[in-house]
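*Asks:* Got a structure for you, written out below as structure tokens; questions coming shortly.
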Amino acid sequence: MAVSSSPADLSAALVLQPVAALDWLVILPVAWCLAIGAILLMIRHKSLAQPLVAVLGLAALVALDAALLWHVVQSGPVTMVMGRWLPPFGIAFTVDLTGALFALTSAVVALVGAVAAIDDINVSGRRYGFYPFLLLLMAGVSGAFLTGDVFNLYVWFEVLLISSFGLLVLGSEREQIDGAVKYGFLNLVATTLFLIATGYLYGIFGTLNMADIARKAPGLQMTAPLVTLTALYILAFAMKAAAFPVNFWLPASYHTPRIVVSALFAGLLTKVGIYALIRIGVMLFPAELEQMSLVLAIVAALTMLTGSLGALAQSDTRRLLGYLVISGIGAMLAGIAIGGPDAIGGVIFYAVHSMLVMTALYLAAGVAARLSGGFSLSASGGLYRHHLLFTALSLMLFFSVSGLPPFSGFWPKVMLVKAAIDGGSSWLAAILLLSGFLTMIATGRVFLLAYWRPVEAQPAGVPQPLAITALLPILALTVSSVLIGLFPETLLNLARQAASTLNEPSAYLQSVFPAGGAP
Amino acid sequence: MKSLIFRTIAPVIVSVMILFSIFVLLRGHNEPGGGFIGGLIAVAALSIYGIAFGVETVRRAIVFHPLSIAGAGLLLATLSGLLSMVFHVPFMTGLWVYPVVLGEEIPLSSVMTFDIGVYLVVVGAVTSIALSLEERGED
């Protein structure tokens, strides 16, 4: 590389050692999604090639994220600084176990969604750009999970928000526009709040690099208004994650788009909010977060209760699932409120479980609606008689989301309840269990009405067999939920380890500032 | 628009504006300018062309669908970043070559190709919006 004509010697400000090939895994998931998304945008009219390219691209993304997770497990947090500038001035991508776990799970969800969309999204939906939007959404989601810079996190939030608008209005129906306006308005408020808080943060710290903030925060506790700052961030991310008083956008919008889009949103979007809350709250401002733990615990309890009670009151399966998403967010918030490695480990485990299972539930609701002619519980029934395998899969998912063993929902609930009791807030443990019980009743009601109840009037003609592309995604997700439930050791250890890195981020700091030099 | 004066002058204005947009794009590395603002100037030019001769004429003139142009830009920008992989430097590091053409040194860089990518993304995305708005206006 010729730098001869460059007048100034910049070597003091640059990363000089060559980048190891494996470290490229840090940035590749994002760059890969952008590149595939761009290619899909260019071949938008080739509606047959679209799903093929997207599914292969997302399969490669899963492989990249799996390799990244492996790399992080092997050698601890990994950092790459954009444009060679030294941190904190260059924008750093820093991946620790939490980020890698979230990224891998989101990639799996996206891959499954892309396969399910082969059936659900028709040619006009493809021409409208479902797959390019999906890939750009994944660029935003992966970027948010992998970045190590607060403003960069904001940028990735914007990327995923814009793509999600596109997915939400796919089809341009009146109802969808209505849902998109509500979704868009509240999310823009949250994003603006996030931006304001970030400006405030920059004013206080003079840096946006997360590692830099984490090492400077303890010294500024006495002089800077860090609690205010943390409160602003909590409010912004609580809106994104759909926590209790600011969650009305979710039930108002998640039932309007195509079912695959709902499934992807339920799996990906709210969890990005939870991730950001963990990253900013738990890693950067743990002391300030602790001061607000009671408020957070009350919010968490109300989120869980309104979520599961709301689910009980619904008769449209999509709306019902929207409330179950909220109830799950409440459980994760409860873990963040309790704090400590055990609880945060439970949150990370719960997030992985929730991403997989909520996506599967929405997809199952879509299949059920197609088989029985609608999402309304009052009109459907009789699935059990004709579709035994599908019914069994749905029942497993219902058990899993309620937190019954031996499915993936059981272990994080155990971790959270145990952490709550150990932390001396037994009431929160009681509400966690109560919300699981209410979820069981709500999903049991769905099973009773939509699956068990015999239909009075048989629909005309023979029951159509299920397409393999419709059943396969649900099957894959259910199997992964069962496997996680039966063999939780690996994920349990990873989640605990991830949580301890968050609570004691010295390895994270070491990865960004290898010399360990003072600021 | 059925104004003879406008229709006569429009091609001249449009070609000057497109040329100027490329000038602003290339000037952007060291002075005010760059891909984003250059792209907006190009979009303004295409919009004027559309007002003068109709949306169909613009679509024919730019050959590709505007969103395909945006996609190509995004791909070019991403690839400019990934080029660093070959040289073992971090993502998005500026890489320079200085070929001498006819005795004149011409600095070329991955920063420039990235900026051209931005230019194409802006041209594609905003033209797509502008053209569909103009189409609605014509109905």
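*Asks:* Output wanted: per-residue J couplings in Hz (rounded whole) for region A:26-34, from phi through Karplus 6.51 cos²θ - 1.76 cosθ + 1.60, θ = phi - 60°, x for Gly and Pro.
*Replies:* 5, 9, 4, x, 6, 4, 4, 4, 4
*Asks:* Let me ask another. May I ask you to work out the translational diffusion coefficient for region B:4-138 at 25 °C, viscosity 0.890 mPa s, via Stokes-Einstein with Rh from the Kirkwood sum over Cα pairs, reported in whole µm²/s?
*Replies:* Translational diffusion coefficient: 153 µm²/s.
*Asks:* Between B:108, B:74, B:40, find the one with the highest GNM mean-square fluctuation for chain B; connect C-alpha pairs within less than 10 Å.
*Replies:* B:108
*Asks:* Output wanted: per-residue J couplings in Hz (rounded whole) for region A:496-509, from phi through Karplus 6.51 cos²θ - 1.76 cosθ + 1.60, θ = phi - 60°, x for Gly and Pro.
*Replies:* Per-residue couplings from phi come out as 4, 5, 4, 5, 6, 5, 5, 6, 10, x, 5, 5, 5, 5 Hz.
*Asks:* Determine, for each peptide in A:364-377, A:335-348, the mean count of other beta carbons within 10 angstrom over its residues, then list the peptides with the highest first.
*Replies:* Details: A:364-377: 20.0, A:335-348: 25.5.
So the peptides A:364-377, A:335-348, ranked by packing, come out A:335-348, A:364-377.
*Asks:* Mind scanning A:216/A:418; A:216/A:240; A:271/A:413; A:182/A:413; A:182/A:240 and naming the pairs with a C-alpha gap bigger than 25 Å?
*Replies:* Numbers: A:216/A:418 33 Å; A:216/A:240 27 Å; A:271/A:413 17 Å; A:182/A:413 32 Å; A:182/A:240 13 Å.
As for pairs spanning more than 25 Å Cα to Cα, those are A:216/A:418; A:216/A:240; A:182/A:413.
*Asks:* Given N residues in region A:207-273, what is its alpha carbon radius of gyration divided by 2.2 N^0.38 Å? Write out the running numbers ahead of the final one.
*Replies:* Working: Rg = 16.7 Å, N = 67, 2.2 N^0.38 = 10.9 Å.
Dividing the Cα Rg of region A:207-273 by 2.2 N^0.38 Å gives 1.53.
*Asks:* Each label point is 7 Å from the Cα along the Cα-to-Cβ direction; what then is the distance between the points at residue A:13 and residue A:448, in nm?
*Replies:* So the label points at residue A:13 and residue A:448 sit 6.9 nm apart.
*Asks:* If you don't mind, there's one more thing I want to ask. With θ set to phi - 60° and the Karplus curve 6.51 cos²θ - 1.76 cosθ + 1.60, what are the ³J(HN,Hα) couplings of region B:106-116 in order, to the nearest whole Hz, using x for Gly and Pro?
*Replies:* So the Karplus estimates, Gly and Pro as x, are 10, x, 10, 8, 6, 4, 5, 5, 4, 5, 5 Hz.
*Asks:* Name the residue farthest towards the positive end of the dipole of chain A from the options A:312, A:81, A:508, assuming +1 on Cβ of Lys and Arg, -1 on Cβ of Asp and Glu, about the Cα centre.
*Replies:* A:312
*Asks:* Dipole magnitude of chain A about its Cα centre, charges +1 at Lys/Arg Cβ and -1 at Asp/Glu Cβ only, in debye to the nearest 20? Walk me through the numbers on the way to the answer.
*Replies:* On the way: 22 positive and 20 negative charges, 193 e Å.
My answer is approximately 920 debye.
*Asks:* Here's a follow-up. Ordered by packing density, taken as the mean number of other Cβ atoms within 10 Å over each peptide's residues, highest first, how do A:112-125, B:18-31 rank? Please list the in-between numbers first.
*Replies:* Values: A:112-125: 21.6, B:18-31: 15.9.
Packing order, densest peptide first, comes out as A:112-125, B:18-31.
*Asks:* Counting only C-alpha contacts under 8 Å and six or more residues apart, can you give the relative contact order of chain A as a whole percent?
*Replies:* On the way: 845 pairs, mean separation 79.5, N = 519.
Averaging sequence separation for qualifying contacts and normalising by length gives 15 percent for chain A.
*Asks:* Moving to a separate point now. Label-point separation (nm) for residue A:20 and residue A:475, each offset 7 Å from Cα along Cα-to-Cβ?
*Replies:* Between residue A:20 and residue A:475, the simple spin-label model gives 4.0 nm.
*Asks:* If I take every Cα pair under 8 Å that is 6 or more residues apart in chain B, average their sequence separation and divide by the length, what percent do I get for the relative contact order? It would help to have the intermediate numbers written out before the result.
*Replies:* Numbers: 194 pairs, mean separation 39.8, N = 139.
Dividing the mean separation by the residue count of chain B yields 29 percent.
*Asks:* Same structure, new question: Would you pull out the residues with amide H under 5 Å of residue A:316's amide H, same chain only if 5 or more places away, H placed 1.01 Å from N?
*Replies:* Close amide H contacts, sequence-distant or interchain: A:377.
*Asks:* Moving to a separate point now. Around residue B:89, which amide H atoms from residues at least 5 apart in sequence, or from another chain, sit under 5 Å from its own amide H, with H modelled in the peptide plane?
*Replies:* A:19
*Asks:* Let me ask something else. Quantify how strongly other chains surround peptide B:62-75 by giving the mean number of their Cβ atoms within 10 Å of each of its Cβ atoms. Working shown, then result.
*Replies:* Numbers: counts 0, 0, 1, 4, 0, 5, 6, 2, 4, 9, 4, 3, 10, 8.
For this peptide, the per-residue mean of nearby foreign Cβ atoms is 4.
*Asks:* Apply the a/c threshold of 1.5 to the C-alpha gyration tensor of the protein assembly as shown and tell me whether it is rounded, prolate or oblate. Numbers along the way, then the final one.
*Replies:* Values: a/c = 1.97, a/b = 1.25, b/c = 1.58.
Oblate is the answer for the protein assembly as shown, as a/c is 1.5 or above yet b/c matches or exceeds a/b.
*Asks:* For a protection proxy built on the mean count of beta-carbon atoms within 10 angstrom, sort A:171-184, A:476-489 highest first, please. All intermediate terms of the calculation are to be shown ahead of the outcome.
*Replies:* Values: A:171-184: 15.7, A:476-489: 18.1.
So the peptides A:171-184, A:476-489, ranked by packing, come out A:476-489, A:171-184.
*Asks:* Which residues in region A:84-103 have a backbone N closer than 16 Å to a point placed 7 Å from the Cα of residue A:75 along the Cα-to-Cβ line?
*Replies:* A:93-97
*Asks:* About its Cα centre, how strong a charge dipole does chain B have in debye, to the nearest 20, once Lys and Arg get +1 and Asp and Glu get -1 at the Cβ? Write out the running numbers ahead of the final one.
*Replies:* Working: 6 positive and 9 negative charges, 45 e Å.
Its charge dipole is roughly 220 debye.
*Asks:* For peptide A:32-42, what's the mean number of Cβ atoms from other chains within 10 Å of each residue's Cβ? List each step's numbers first, then the result.
*Replies:* Working: counts 2, 1, 7, 7, 2, 4, 13, 5, 1, 13, 12.
Going residue by residue through A:32-42 and averaging, the value is 6.
*Asks:* Assign one of three labels to region A:47-97, namely rounded, prolate or oblate, based on the Cα gyration tensor with a ≥ b ≥ c the square roots of its eigenvalues; rounded applies when a/c is under 1.5, prolate when it is not and a/b is larger than b/c, and oblate otherwise. Present the calculation step by step, with values, prior to reporting the outcome.
*Replies:* On the way: a/c = 5.15, a/b = 1.77, b/c = 2.91.
Oblate, because a/c is 1.5 or more while a/b does not exceed b/c.
*Asks:* Just tell me how shielded B:79-91 is by partners: mean number of partner chain Cβ atoms within 10 Å of each residue's Cβ, no decimals. If you can, show how the numbers build up before the last one.
*Replies:* Numbers: counts 4, 0, 7, 7, 0, 7, 6, 0, 3, 7, 9, 18, 15.
What the average comes to for B:79-91 is 6.
*Asks:* Then there's this: Return the long-range amide H neighbours of residue B:95 (sequence gap of 5 or more, or a different chain), with a cut-off of under 5 Å between placed amide H atoms.
*Replies:* B:110, B:111
*Asks:* Report the extension gain between residue B:134 and residue B:108 in nm, rounded to one decimal, defined as 0.36 nm multiplied by the number of residues separating them, less their alpha carbon distance. Mind showing how you got there, number by number?
*Replies:* On the way: separation 26, 0.36 × 26 = 9.36 nm, distance 3.76 nm.
Answer, rounded to one decimal: 5.6 nm.
The numbers here are math on the coordinates, done by the rules we state, and not lab data. In this text the structure is predicted, and so the values were computed from the model without any measurement. No Cβ is skipped: glycine too gets one built from the backbone with ideal geometry, and neighbour counts run over all protein chains shown.
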